[in-house]
Structures are given as C-alpha cells and as structure tokens.
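Trainee: My questions will all concern the structure given below.
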C-alpha cells in the first residue's frame, strides 16, 4: 500500500484516534474508514494540494471516480460518510475554517428487502443438523448455534463473542454485547435453551482447553468460532434442508424480526431486541410486515 506523506498521515491517525476514543466506533468501522480515507488522501496528495485548498468540486470528482470503478452504492455511501466525518473533525480541531464536504450528500440507495425464511423453511433449517447422515460430530453445537441465531436475532459477530457468563438461561435471557460496546438483554426461548444446555454438557466440555477462555461456541481446537465458520455452517445446512434462497447468518436475524412483527410484536420491543439505536433501522422490517398484512387481506377478505 502506498504511503501517505506528512501531514496527511497525521490527519488520518488523529482522526482514527478520535473515532476510537471520542466516538467509540467499532474496530471493523475504523478499519473500513482507514482504508477509505487512505485512498482518498492519496488522491489529494497526488494533486499536490494542501488539505485547506480542497473544494466541494474536488470531492465530487473523487466520488464520481468511485462510481466509475463499479463500487457498490453502500460502499460509496460509506466513503462519503468517512470523508464528511474527516473534514468535520478537521474543522473542530481548527485545522480548517469550513467543511468542503458539508453539502456532499449520500447517493440514494435502493431499499432491497432482506431475504427472509418462512416458518416452514426455518423449522427445516433448525432440524437439518439432526437429520444429517451420517450424524456430524458437532451436530449438537451446530443445532445450538442455529437455534440461538433464530431465537435471539443476534448479529454473527455478537454470537462469536458470546461468553458463558452472559447466559442467564434459567431466567430465559442472554446478555449481548453489541455495536459500540452497548449491552442489551434478549429473551431466549425453551427450544434454544435446551439445545445450548445439551451442547454445553455433552460436547463443549470435551472441547475446552487453555485457548477457550469463556467463549460459548468453540471449534475443534477449542477456540472461539470465526464469523466465516458460522457463515459456512448456515450455508451448508440451508443446502441440506433444500432451501434455495441465498441465505447467511444475517438471514436468521431478519427472519427473527419479521416473524415477531408478523405475530403482532411491538416495533419498539423488536428494536430493543435487535440492538438498533434508531427505530428507523427496525422499520425496514415493516415493509415485509405490510406485505404480509396485504397477503392476509387478499386471502381472507371477501373483496380481496
């Protein structure tokens, strides 16, 4: 990777420290911002312009070049957000008088509804580990993971980081450490509780070693499972259960939310369980909910 010269490298490092210390951004977001802004500042560096001379027109030209490379709209939107945040930081630090990115707006993104499993498809997926022939050595763990994802709607990163001390199964709750180190308590149903208890007593106890720490879900080496391992597992069992939709662990999060809302759950309660800081994020699922209501009306109303 080409190096940034001073002062651009200093601007970037100070900004990334600001994201960590002042704004408590996750490591994944900081890594993405670092990569996006490194690329952007290299472009500024090549123009031989000081940062104080950058204009809105310069930034729009850079964004236009990103579009031409064929980047996904979500990636371009993240680049714009990173650039705006960087210049806002430089203004706060009195290194700039005005923010040239202030009026640079995010491109409108098509709202693609997430893939969601029907209840019948979900049940087939949850039973897939047990129906596997020959039975897999880790079927108890895999079933517990699938049950847990569907029962709680957690992100895959939250599942891999789950600690034994965060399980309050007798009370029917788990403590989840989410984005920005925010904690939330999420209810968990009896089916998932039974699967987790069976995994812990019959399999996990034999996987534990000095690398296991307090992580709940372990791999064959006794270490915590990676996100990619969970992704591959979900794909494998989706294929075994004959599900043709393109799904990932996140599909079970969407399915969890959708099934709750279809059953009449309060939107703010679902927001709390998902760990969304804004109700707007949860409202994505109301699009699916409305389509469900429309289908019910069409099926059962005399004039549907």
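Trainee: Output the residues belonging to segment 214-247 that are in contact (Cβ under 8 Å) with a residue 40 or more places away in the chain and part of a loop (DSSP other than H, G, I, E, B).
Mentor: First, the residues of segment 214-247 that are in contact (Cβ under 8 Å) with a residue 40 or more places away in the chain: 214-218, 220, 224-227, 230-231, 233-234, 237-238, 240-243, 245-247.
Passing the criteria: 214, 216, 217, 220, 225, 226, 241, 242, 243, 245, 246, 247.
Trainee: Considering segment 152-180 alone, what residues qualify as being in contact with a helix residue (DSSP H, G or I) (Cβ under 9 Å, 6 or more places away or on another chain), without any contact (Cβ under 8 Å) to a residue 40 or more places away in the chain and in a strand (DSSP E or B)?
Mentor: Within segment 152-180, 174, 175, 177 meet the criteria.
Trainee: What number of residues in segment 181-202 are surrounded by fewer than 17 Cβ atoms within 10 Å (Cβ to Cβ) and either part of a helix (DSSP H, G or I) or over 28 Å from the mean Cα position of the chain (by Cα) (or both)?
Mentor: The total comes to 8.
Trainee: Check whether at least one residue in segment 218-240 is buried (at least 19 other Cβ atoms within 10 Å of the Cβ), over 17 Å from residue 150 (Cα atoms) and over 20 Å from the mean Cα position of the chain (by Cα), and report yes or no.
Mentor: Yes.
Trainee: If you check 226, 212, 191, 239, which single one turns out to be in the same structural domain as residue 272 (by TED's automatic domain parsing) and under 22 Å from residue 115 (Cβ atoms)? Lay out the reasoning, then the answer.
Mentor: Details: 226 fails: under 22 Å from residue 115 (Cβ atoms); 212 fails: under 22 Å from residue 115 (Cβ atoms); 191 fails: under 22 Å from residue 115 (Cβ atoms).
Only one candidate qualifies: 239.
Trainee: Given the structure, is residue 11 under 26 Å from residue 180 (Cα atoms), surrounded by 11 or more Cβ atoms within 10 Å (Cβ to Cβ) and more than 24 Å from the chain's Cα centre (by Cα)? Before you say what the answer is, go through the steps one by one.
Mentor: Numbers: under 26 Å from residue 180 (Cα atoms): yes; surrounded by 11 or more Cβ atoms within 10 Å (Cβ to Cβ): yes; more than 24 Å from the chain's Cα centre (by Cα): yes.
It is true that residue 11 is under 26 Å from residue 180 (Cα atoms), surrounded by 11 or more Cβ atoms within 10 Å (Cβ to Cβ) and more than 24 Å from the chain's Cα centre (by Cα).
The values are calculated or read from the model by the stated rules, or taken from the named source; none is laboratory data. Quick caveat, the model's predicted, so the values are computed rather than measured. All Cβ positions, glycine included, derive from the backbone under ideal geometry; neighbour counts span all protein chains shown.
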